[in-house]
Amino acid sequence: MVDFYKTFLLLNYGLLALIVFLIFWKFTILSQKERQYTYYIVFLFLVELVGLILAYIFELQDTSFIYQYYIAGEFLLITNIFIKKLDLPKYTLVISSIIGVIFLIIANIPEINFNLDEAKVASNIVIICLAGFTLLKQVKDDNSSNRFILVDACIFFYYSVSVFIFIIQQQLQNLSEDNFYMILGINTVLSSILYSSFIYTFLKLKK
């Protein structure tokens with residue numbers, strides 16, 4: 001199971017790098033709303049890159065402090081995508097930003113025992129709701145001009161399944177090594193599916 005997890009982890013690094021290349025290639029033909037997806041991908045790429053640099057160049061044994069910034073950044077960027085696609089009032093963006101900032105402040109207070117996994121689940125649930133409403137709106141409006149509907153569907157699928165993975169992981173306190181890496185492996189496979197949807201969408205983009 002360790003090899004299974006590591007294989008898909010390395011694959012995801014390659015897929016992310018490929019998407020970043022495609023972003024630079026296709027960026028000028030993206031609309032303002034579509035460019036929000038590129039900020040999300042670049043953020044994920046930078047988080048992974050920083051983690052690798054800290055672990056293998058600076059040889060830090062613990063890089064878990066990145067996790068809280070990953071949760072906040074992911075939440076802000078994805079909610080921003082769907083808030084704009086749903087044409088929600090601008091104050092919803094302000095609310096989303098305030099929630100992200102408050103989370104970071106609380107997570108960085110040592111005296112507070114804050115469960116980051118629970119925060120991740122809550123963040124995922126918000127993302128699932130927004131992605132679900134966006135997909136329903138697109139189906140209802142028969143918006144064939146939406147070039148990122150596959151990505152929206154994969155985001156909804158990825159974060160929905162991730163919620164169950166985090167819940168299972170919390171319930172099973174004494175996981176064997178194989179089961180632990182099996183759960184991580186499933187999550188990396190889901191990430192591969194999500195990244196592949198980005199690659200497919202970017203390759204199909206035309207002016």
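The values are calculated or read from the model by the stated rules, or taken from the named source; none is laboratory data. What you see is a predicted model; the values in this text were computed from it and never measured. In this analysis, Cβ positions are derived from the backbone assuming ideal geometry, glycine residues included, and neighbour counts consider all displayed protein chains. Keep in mind that these areas ignore ligands, DNA and RNA; they rest on the heavy atoms of the full protein, side chains included. Shrake-Rupley method; radii C 1.70, N 1.55, O 1.52, S 1.80 Å.
Rank F75, F180, F157 by mean-square fluctuation in a GNM of the chain with C-alpha springs under 10 angstrom and give only the top-ranked residue. The residue that fluctuates most here is F180.
Net charge in the neighbourhood of Y200 (other residues with Cβ under 14 Å of its Cβ; Lys, Arg +1, Asp, Glu -1) is +3. Treating each Cα of the chain as one equal point scatterer and applying the Debye formula with no solvent, the log10 of I(q)/I(0) at q = 0.13 Å⁻¹ comes out as -0.80. Mind checking the angle between helix 2-26 and the chain's longest principal axis? C-alpha axes, 0 to 90 degrees, to the nearest 10. With both axes taken from Cα atoms, the answer is about 30 degrees.
Expressed in Å, the radius of gyration and Dmax of the Cα atoms of the range 1-106 are 16.2, 46. Using a Gaussian network for the chain with springs between C-alpha atoms less than 10 Å apart, which of these wobbles most: I128, I102, I57? Answer for the Gaussian network model of the chain: I57. Full extension of the chain segment joining L9 with L52 gains 14.3 nm, where the gain is 0.36 nm per residue of separation less the Cα-Cα distance.
What the Kirkwood sum gives for the range 31-79 is a hydrodynamic radius of 11.7 Å, with every pair of different alpha carbons counted. To the nearest ten degrees, helix 35-52 and the longest principal axis of the Cα atoms of the chain are 20 degrees apart. Just the protein heavy atoms count here, and of the accessible area of the chain at 1.4 Å, carbon and sulfur take up 67 percent. Springs between Cα atoms under 10 Å define the GNM used for the chain, and in it the highest mean-square fluctuation of E177, E48, E74 occurs at E177. Between 0 and 90 degrees, the angle of helix 90-107 with respect to the longest Cα principal axis of the chain falls at about 10 degrees. Leaving out ligands and nucleic acids, note down the accessible area per residue over the chain with a 1.4 angstrom probe, in whole Å². With all protein chains present, the chain gives 58 Å² per residue.
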